[in-house]
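Each remark here refers to the structure printed beneath this line.
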Amino acid sequence: MSQIAYAAGLQLLSCSLGLSAVLALLDTRSGFVRDHPPLAWRVAGILTGPLAALSLVAMLVGGAARWVWLGLAAPYAAMAAAASAAWYRGVRADIRRQRGREAAMLGVVAVLFSSLGQTGGDALPALPLAASLGTAALVGGLGLLALGGTLGPRHDQVAEEEGSDGVPLRAVATGLGITLLAASDVCRSVLFGGAPCPVPVALWLTCSLLVPLVLLVAGRRPVVKGRPSLWCTACAAALIGQFALQTALVA
């Protein structure tokens, strides 16, 4: 149970970072959207703090090393909470953007160094990278796409939001690239090294690579806004696949 809690803490940390990083890139536009961001952005911004707090709690329950939860997860949780509060309270755009950038930068450090505790990936160094940054990129991009499709744009922001899917889609492509890199290491180890392919790793390859890739191809630009269920399905599949990988690495 402690290993599952620790894996959940690492996953929640990466999810919070993913939303923070994608929002930091999205929230750079000028004009009306600067002071009146879409509802999907607001919801994602508010979620980053609670996700980081839950990550810290899960790490404590999972018996994470002190340098992980106290030196990495706790400072990021505090910074993410400040950014989340800025989105919730609707503060000035410059303050909101500064808090968001600070949370994203600290989150990258926290996720990268906390992944050092994933001892299961010693033989395949790309796996911890796929579990940490891969989760952040996939869930951050797919999460924003799912929220945007589900909540919908404001009627007075349709023109501003015309090209806003580019950043989440590039984040998803980055996550798929990281996953594909790690998958090539796994396939090489299985085919030429005689190593077994555990069930969690096979589940990760299916849910985090094949399913999002197929849905991404199916959801080409002309139909992105009209297919919220597609992005919700892809995000759910990525969450399942990445958690399977996390549990395999901390086992």
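The values are calculated or read from the model by the stated rules, or taken from the named source; none is laboratory data. Please read these numbers as outputs of a predicted model, since none were measured by experiment. Reconstructed Cβ throughout: ideal geometry from the backbone, glycine too, with neighbour counts over all protein chains shown. Just so you know, the surface numbers come from the protein's heavy atoms only, side chains and all, with ligands and any DNA or RNA stripped out. Shrake-Rupley method; radii C 1.70, N 1.55, O 1.52, S 1.80 Å.
General remarks:
- Here the label points at Ala195 and Leu39, each 7 Å from Cα along the C-beta direction, are separated by 4.6 nm in the simple model.
- Interchain or long-range residues, amide H under 5 Å from Ala65's placed H: none
- Length gained on full extension, Val217 to Leu181: 11.0 nm, using 0.36 nm per residue less the C-alpha separation.
- With a Förster radius of 25 Å applied to the C-beta separation of Leu112 and Arg188, the computed FRET efficiency comes to 0.55.
- Sites Ala173 and Ala202 - FRET efficiency at Förster radius 25 Å, r taken between beta-carbons, to 0.05: 0.60
- To the nearest ten degrees, helix 93-114 and the longest principal axis of the Cα atoms of the chain are 0 degrees apart.
- Heavy-atom surface analysis with a 1.4 Å probe gives the chain a carbon and sulfur content of 69 percent of its accessible area.
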